[in-house]
1. Please state which one of 263, 293, 282, 272 is free of Cβ contacts under 8 Å to residues at least 12 places away in the same chain and out of contact with any strand residue (DSSP E or B) (no Cβ under 6 Å at 6 or more places or on another chain).
2. Between 183, 224, 154, 142, which is outside any strand (DSSP E or B) and either under 21 Å from the mean Cα position of the chain (by Cα) or more than 25 Å from residue 109 (Cβ to Cβ) (or both)?
3. Hey, can you tell me all the residues within segment 203-218 that are within 14 Å of the ligand (Cβ to nearest atom) and among the aliphatic types (A, V, I, L, M)?
4. Filter segment 309-359 down to residues that are polar (S, T, N, Q) and in contact (Cβ under 8 Å) with a residue 40 or more places away in the chain, then give me how many there are.
5. If the requirement is being basic (Lys, Arg) and surrounded by fewer than 17 Cβ atoms within 10 Å (Cβ to Cβ), which of these qualifies: 72, 120, 67, 80?
6. I want to confirm something. Restricting to segment 10-65 and keeping residues that are farther than 22 Å from residue 191 by Cα and among the charged types (D, E, K, R), which single residue is nearest to the ligand (Cβ to nearest atom)?
7. Does at least one position in segment 18-39 carry a residue that is in the same structural domain as residue 277 (by TED's automatic domain parsing), acidic (Asp, Glu) and surrounded by 15 or more Cβ atoms within 10 Å (Cβ to Cβ)?
8. Do we find a residue being surrounded by fewer than 24 Cβ atoms within 10 Å (Cβ to Cβ), modelled with pLDDT under 95 and at negative phi anywhere in segment 146-153?
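The values are calculated or read from the model by the stated rules, or taken from the named source; none is laboratory data. All values reported here derive from a predicted model rather than from experimental measurement. Quick reminder, even Gly has a Cβ in these numbers, built from the backbone with ideal geometry, and neighbours come from all protein chains shown.
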Amino acid sequence: MSITPQPGIMDIALYVGGQSRLEGHADPLKLSSNENPYGPSPRAVAALEQSAATLHRYPSTDHADLRAAIARVHGLDADRIICGVGSDEVLQFIAQCYAGPGDEVIHTEHGFAMYPILARAAGATPVEVAERERRVDVDAILAACTAATRIIYLTNPGNPTGTMIPSSEIERLAGAIPGHVILVLDGAYVEFAQGYDGGASLVEARGNVVMTRTFSKIHGLGGLRIGWGYAPREIIDVLNRVRQPFNLSNSQLMAAEAAIRDEGFTEHCRAETARLRVWMREKLLALGIACDESHANYVLARFADEAEAAACDAALRADGILVRRVGGYGFPEGLRITVGDEPGCSRVIDAITRFKGAA
Ligand code: PMP
């Protein structure tokens, strides 16, 4: 007798994360996972240390302090916030609660690899919609909506493209989708985009929009796993029913609260990243490498073809630098490079310059 998993589970492609090890290099320059090169706020580290004194206590089940801090910093309603183990978990709650067998979940061509995984894990069918020139195509999404569509997952700014969907287009989409569809705006990189609230005002104005955010990127806490979502109260009530009561530890809660309160540190990371991504793009363009303007903490370098991208990746590895091949996201000719600190950015650009000189 063989033990078989639920239908669809074996169709799930395993998620491949950015590498952190490099043979022969004890401490490689890691620009492969869009991490914060400045690390977390020192206040978050201090709070993490203080949390050691609380480890015998169960954590809060309702995350009230963290939700209040997020609400204050972002000007939001704390009752519409839900916190999870990374934004991945919040994205998962949404699929678990709103999609099932026979339902369709829309994601776009260059969208985050977790969307089809979450759809399949819920028993639903992922539907991929083409993008146009590395940008989300609202009309194509609307054309793909059927009576079976339950969720649309979009990343804005996009990953790995770094491009933005204009707010007017998101509003048009939210207004035009059928009433039974939830639009999820994955804002993992929102803090790096100028003048964009991640869709928070749209969440408040409509009943069908959810925004997700993370502490993994601008707050430099990827290793601790904390994310959150902002949604209409009815949706928050639904999502909380599948959330484990102690999904976040004291350490996660205390460090995240300190991190979000340290607005000066957040602004420093944002401003440095915005400055350096412009510099990196200019250097790449000057080397004849295609690169769209980025609104996130990475740039997508597009080489002549897959062979050149692979050769450049190999050259960077030989120099002790890890970047991300993004063939799985529809860019076999691409390398996604996290915007590091100034020495990191100089080092990767110098290495690419040498590669181009030698090519
Ligand atoms: N959405 C996007 C677009 C991402 O790139 C990531 C991180 N890879 C996530 C969500 C999940 O981030 P986390 O679970 O660390 O919050």
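1. Of the residues listed, the single one that is free of Cβ contacts under 8 Å to residues at least 12 places away in the same chain and out of contact with any strand residue (DSSP E or B) (no Cβ under 6 Å at 6 or more places or on another chain) is 282.
2. That would be 224, the only listed residue that is outside any strand (DSSP E or B) and either under 21 Å from the mean Cα position of the chain (by Cα) or more than 25 Å from residue 109 (Cβ to Cβ) (or both).
3. Hits for segment 203-218 are 210, 211, 218.
4. 2
5. Answer to the selection: 72.
6. Only one residue fits best here, namely 21.
7. Yes, some residue in segment 18-39 is in the same structural domain as residue 277 (by TED's automatic domain parsing), acidic (Asp, Glu) and surrounded by 15 or more Cβ atoms within 10 Å (Cβ to Cβ).
8. Within segment 146-153, none of the residues are surrounded by fewer than 24 Cβ atoms within 10 Å (Cβ to Cβ), modelled with pLDDT under 95 and at negative phi.
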